[in-house]
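What follows is a set of notes on a single structure, which appears directly below.
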Amino acid sequence: MNLKKKVLSVSLSGLMAISAISVVSSPVSAVGNGPGAGNGSIQTSILHTYDSMVDYLKTQDAKQEAMQLEIIGQTVKGRDIYLAKYISNPDNPTILFLTQQHGNEQLTTEGALEFIKHLGTNKTKGILENVNILVIPMLNADGAMGDVNFSLDNYLADGGRHLTRYNANEIDLNREHDKPIGSMQAEVKALYENVFEKYKIDYMIDLHHQGTLSETEGELVSGSILHPTNSNVDADVLERSKKLGSVVYHSIENTGWGHIGKYDGGSGQNIGRNGAAVRYGISTLLFEMRGMSDHYIESYALGQKSNGYLIKQTITTLDSTVRAIADGSIENADVSFWDTLPTQKSRSGEESDE
Ligand SMILES: [Zn+2]
């Protein structure tokens, strides 16, 4: 192994420690008002692989009394899909955090894993008595590992693997949510059969990454959010979704380094944000963070210089929402910001995700 490889294989926790310092020391530039794609090489070796994620979850499960690790099904290629559960009292309000419906959007998974570790420490002492937390940290493990039945030769990332939006059958898992459960792709079917059907879920945040060039008011966004927009969503469910968004918006804006826009998303029930709200009355929020972990279009993928603050943005999102649900303050969240929150636009004119 040469020196370069050793440097690139630095552990994620080590990288996060370095990134945390840089976030504090350069709050505004961290968001990256510079050239869109010029954020360093696109390097996947710092990301958890599916196997290292499973090891991590098993280690936390062994350490944490309150945590239960469950397998909810298998991907097309047969990988077990994991759910980390914290259910202290079935009567508590329950929130689900879902990451990587799209396999090339992995920093939210890295943040979710770090958050799981926090739940086993004093950082979140007392919270678990008043809120139930479900985390699915990598729904589309085949896409995340590039183990798919189509070519990824034109994808850009270095680091031993490619990551793709689609599942192994080249299906977009976030367009499956209006189907009968029996007709869904394996990964979404597992989500419906063994999570949505099995637990009474009050809130869900569906975590994604978009391109790097979205902006509002002339400033690149660190992320964009959206509540359900399908006309069949119950008014109360929508109102509580907006409150969930309010907690996230204000916690990120208060950090000083975050800049949040409104996502310009579709109203179809085939999208998770809408489908779960219509079918199960779950108050949902889409969070689209900046920059994908791999893509064939350069402006979509984010170099590793910005990884630290995007992981931090995920942790802040998860931490602030479980606290607001646990202490009931989410009930009083001010939703009026939604009326003036600018809808993001793309500098390249071609970016979208969800
Ligand atoms: Zn996505």
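The values are calculated or read from the model by the stated rules, or taken from the named source; none is laboratory data. What you see is a predicted model, and the numbers here were worked out from it, not measured in a lab. With ideal geometry, Cβ positions are generated from the backbone for all residues, glycine too; neighbour counts draw on all protein chains shown.
Things to note:
- Sole exception among (1) surrounded by fewer than 21 Cβ atoms within 10 Å (Cβ to Cβ); (2) within 16 Å of the ligand (Cβ to nearest atom) for D153, by number: (2)
- Residue, nearest to the chain's Cα centre (by Cα), within segment 267-299, restricted to residues that are under 27 Å from S231 (Cβ atoms) and of a type in the set (D, E, K, R): E288
- Scope segment 164-196; condition away from the ligand (no atom under 16 Å from the Cβ) and part of a helix (DSSP H, G or I); matching residues: I181, G182, S183, A186, K189, A190, Y192, E193, N194, V195, F196
- Complete set of residues in segment 311-349 that are among the charged types (D, E, K, R) and either on the phi > 0 side of the Ramachandran plot or touching a residue at least 40 places away in the same chain (Cβ under 8 Å) (or both): K312, D319, R323, D327, E331, D334, K345, R347
- Of all residues in segment 178-229, exactly one satisfies the criterion of being surrounded by fewer than 23 Cβ atoms within 10 Å (Cβ to Cβ), among the acidic types (D, E) and touching a Ser or Thr at 6+ places or on another chain (Cβ under 7 Å), namely D202.
- Selection of segment 230-245 for residues being surrounded by 19 or more Cβ atoms within 10 Å (Cβ to Cβ) and either touching a Leu at 6+ places or on another chain (Cβ under 7 Å) or among the aliphatic types (A, V, I, L, M) (or both) yields V233, V237, S241, L244, G245.
- Screening G261 against (1) in a helix (DSSP H, G or I); (2) within 28 Å of L156 (Cα to Cα) leaves a single unmet condition, (1).
- Some residue of segment 319-333 being modelled with pLDDT under 95, buried (at least 24 other Cβ atoms within 10 Å of the Cβ) and part of a helix (DSSP H, G or I): no
- The single condition among (1) surrounded by fewer than 23 Cβ atoms within 10 Å (Cβ to Cβ); (2) touching a strand residue (DSSP E or B) at 6+ places or on another chain (Cβ under 8 Å); (3) at pLDDT 95 or above that V248 does not meet is (1).
- Of the residues making up segment 199-219, those that are in contact with a helix residue (DSSP H, G or I) (Cβ under 6 Å, 6 or more places away or on another chain) and more than 15 Å from the ligand (Cβ to nearest atom) are Y203, L213.
- Taken together, L128, L96, L156 contain a single residue that is touching a residue at least 60 places away in the same chain (Cβ under 8 Å), farther than 30 Å from R279 by Cα and either in contact with a strand residue (DSSP E or B) (Cβ under 8 Å, 6 or more places away or on another chain) or part of a loop (DSSP other than H, G, I, E, B) (or both), which is L156.
- Cβ-Cβ under 6 Å pairs, at least 6 apart or on other chains, segment 29-56 side among the aliphatic types (A, V, I, L, M) and modelled with pLDDT under 95, far side assigned to a helix (DSSP H, G or I) and surrounded by 17 or more Cβ atoms within 10 Å (Cβ to Cβ): A30/V23; A30/Y309; A37/S299; I46/L12
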